[in-house]
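Everything on this sheet refers to the single structure shown next.
The values are calculated or read from the model by the stated rules, or taken from the named source; none is laboratory data. Not measured: the values here are computed from a predicted model. As a convention, Cβ positions derive from the backbone with ideal geometry for all residues, glycine included, and neighbour counts pool all protein chains shown.
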Amino acid sequence: MRTTRLLAWLGMVLAIASAPAVCAQRVRIEDLTRVEGERQNQLVGYGLVVGLEGTGDSAQVSFTNQAVRNLITRFGNRPELTAQIKTKNAAVVMLTANLPAFVRPGDRIDVVVSSLGDARSLQGGVLLQAPLQGADGRVYAVAQGAVSLGGFGASGAGARVTKNHPTVGRIPNGALVEAEVPMDIVVDDRVSLCLRHPDYGTAARVAAAIAQSPFAARAVARDGGTVVVEVPEAYRGRVAEFLAEVGQLTVEVGLPAKVVVNERTGTIVVTGPVTISPVAVAHGSLTVEVHTSVQVSQPPPLSAGETTATLESEVSAREDKASLARMQAATVDDLVEALNALRATPRDIIAILQALKEAGALHAELEVL
């Protein structure tokens, strides 16, 4: 019964996935593309979280001790007074953040805080001022603030309870942008639109839609992932307005024939016109079970023997019968019916799809997560 429900669910998902192949779907250009030169930049930093309730780095983490000593010395304390410092309420962390496009000094961005030492939890901690650098070594933002966790940890009397990862937290709007990254999206009065999922047909339709629009801009699909658009004379100096209008244009999008499977969860997603050549499939499974039991061996009365425990194992193997089925699918619906006819579980279907791809009978891109 469970297998029947799983297959029914799979059939419903595949049927939904097949809908775009039957009826063309129109999507806005701004949802299909991004402007070349408009990008995020990764930032990284090193800092110190304080205010922990004894869950910070232990004394064995030397760089935490050094960081605390440097901090105290920086505020006028004598170095010899820092010899006996305990760091259980502090933890050294690594900071990561993404600097979005077009941010300006004074804007704020989120920061992810990750423990670098052996701290048990960052709960209740506060990050002290720490710079965030780009790949070029330049400081683009400064982070500081209270760390917010998505989990917690508690322990006592030899027992411990942990939810999610208490050594990784986040500071919403915790970094203040100090420098911007210049971005040139217009080169020689042209902008390039990069498709998020490259496809020659989609690129050609995007170029045609822009060329046939009211502002009749010249657009050429340079390849399957880039459309070069010349900014009309009337929009020179108003590129943002031009891109906003171009982004509202819609084009028909055809989904590629693709099968995505996740072996860990048994998830299968099929998109586009997936077909299968005539092929015969037989799928069976071998199950091996090992049962181990503990037996107690008692010595005879008044003997010098000792009571001992022995392990006894029983091994059994069962191989399910596999039926040979002929498969030929011209549409996704046919594929669902053919797989259901085999009465296979989702994990079995994943194995069948992989075998079909290796045999050259599955005419679609197979991606295994």
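Details
- Filtered residues of the stretch 48-73 (kept if acidic (Asp, Glu) and over 17 Å from MET94 (Cα atoms)): GLU53
- Residue within the stretch 229-248 that is touching an Asp or Glu at 6+ places or on another chain (Cβ under 9 Å), at pLDDT 85 or above, within 30 Å of ASP188 (Cα to Cα) and part of a strand (DSSP E or B) present: yes
- For the stretch 190-228, a tally of residues being part of a helix (DSSP H, G or I), in contact with a Gly (Cβ under 9 Å, 6 or more places away or on another chain) and surrounded by fewer than 15 Cβ atoms within 10 Å (Cβ to Cβ) returns 2.
- Where a residue in the stretch 202-214 is closer than 13 Å to GLU245 by Cα and its partner, wherever it lies, is assigned to a helix (DSSP H, G or I), with Cβ under 8 Å and at least six apart: ALA209/ILE29; ILE210/ILE29; ILE210/VAL246; SER213/GLU245; SER213/VAL246
- Just so you know, in the stretch 156-182 the residues that are part of a loop (DSSP other than H, G, I, E, B) and loosely packed, with under 13 Cβ neighbours inside 10 Å include one that is modelled with the lowest pLDDT, and it is ALA157.
- Any hit, the stretch 35-45, residues being within 16 Å of ALA203 (Cβ to Cβ) and of a type outside the set (A, V, I, L, M, F, W, C): yes
- Matching residues, the stretch 38-54, being surrounded by 15 or more Cβ atoms within 10 Å (Cβ to Cβ) and touching a Pro at 6+ places or on another chain (Cβ under 8 Å): GLY45
- Exactly one residue among GLU30, GLU38, GLU80 is in a helix (DSSP H, G or I), at pLDDT 85 or above and not basic (Lys, Arg), and that residue is GLU30.
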